[in-house]
Amino acid sequence: MRITKGRVLGGRIVVEGEPLADGVDVTVLCADEPGFELSDADQAELLQAIAEADHGKTLEANEVLAQLRRR
């Protein structure tokens, strides 16, 4: 998994840097729409969490909620 930025040109998404392979599934978040922004640190934390989940390191929902309540 990788996160990349891009821009819509002529109705198509053009990504920065190395192009994505044909057939890759993508999720698009529009930066100028209401939503959220991630700092570099938050983005790194998100990618680490995704990698952990990909390796089966997950928590039960009740444990996640308990951690959120403690914050």
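Each reported figure results from applying straightforward, stated rules to the coordinates on display, with no laboratory input. Everything numeric in this text was worked out from a predicted model, so none of it was measured. Cβ placement follows ideal geometry from the backbone for every residue including glycine, while neighbour counts extend to all protein chains displayed.
Just a few scattered comments:
- Positive-end residue, the chain charge dipole about Cα centroid, Cβ charges, pick of ILE50, LEU65, ALA21: LEU65
- Note that region 6-70, at 20 °C in a medium of 1.002 mPa s, gets a Stokes-Einstein diffusion coefficient of 141 µm²/s from its Kirkwood radius over C-alpha pairs.
- Nearest-20 debye value, the chain charge dipole, Cβ charges on Lys, Arg, Asp, Glu: 160 debye
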